[in-house]
Amino acid sequence: MRTTLSIADDVLATYRRLAAESHRTLSAVIEEGLRELAARREAAEAKVSGHFTIVGGEGLRPGIALDDNAGLREFLDEGLPLEKRR
């Protein structure tokens with residue numbers, strides 16, 4: 001596919017040098033760079049997970065629900081959730 005890009009002179013010079021040194025086309029070197037960037041970003045996104053390892057603990061305290069924002073805020077601010085104060 002053909003497209004037109006604006007590339008900073010210093011970046012273009014670097015990629016032209018890399019293309020010449022590797023005996024490949026400028027397009028091939030730029031495409032490789034874009035593929036590597038996309039792969040790194042995908043790998044970084046894959047590392048983010050919702051799993052938290054608990055070391056030496058027993059999980060959440062009774063009465064604490066992670067989907068109850070008000071209850072969590074109250075517990076963090078005052079130390080006891082509503083259910084435990086009643």
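The values are calculated or read from the model by the stated rules, or taken from the named source; none is laboratory data. The structure displayed is predicted, hence computed values, not measured ones. Quick reminder, even Gly has a Cβ in these numbers, built from the backbone with ideal geometry, and neighbours come from all protein chains shown.
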Item to check | Boolean, Ala43 is outside the structural domain of Leu66 (by TED's automatic domain parsing), out of contact with any strand residue (DSSP E or B) (no Cβ under 8 Å at 6 or more places or on another chain) and surrounded by 10 or more Cβ atoms within 10 Å (Cβ to Cβ) | outcome: no
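Taking the conditions exactly as written (at pLDDT below 95, of a type in the set (Phe, Trp, Tyr) and not in a loop (DSSP other than H, G, I, E, B)), does Phe75 satisfy them or not?
yes
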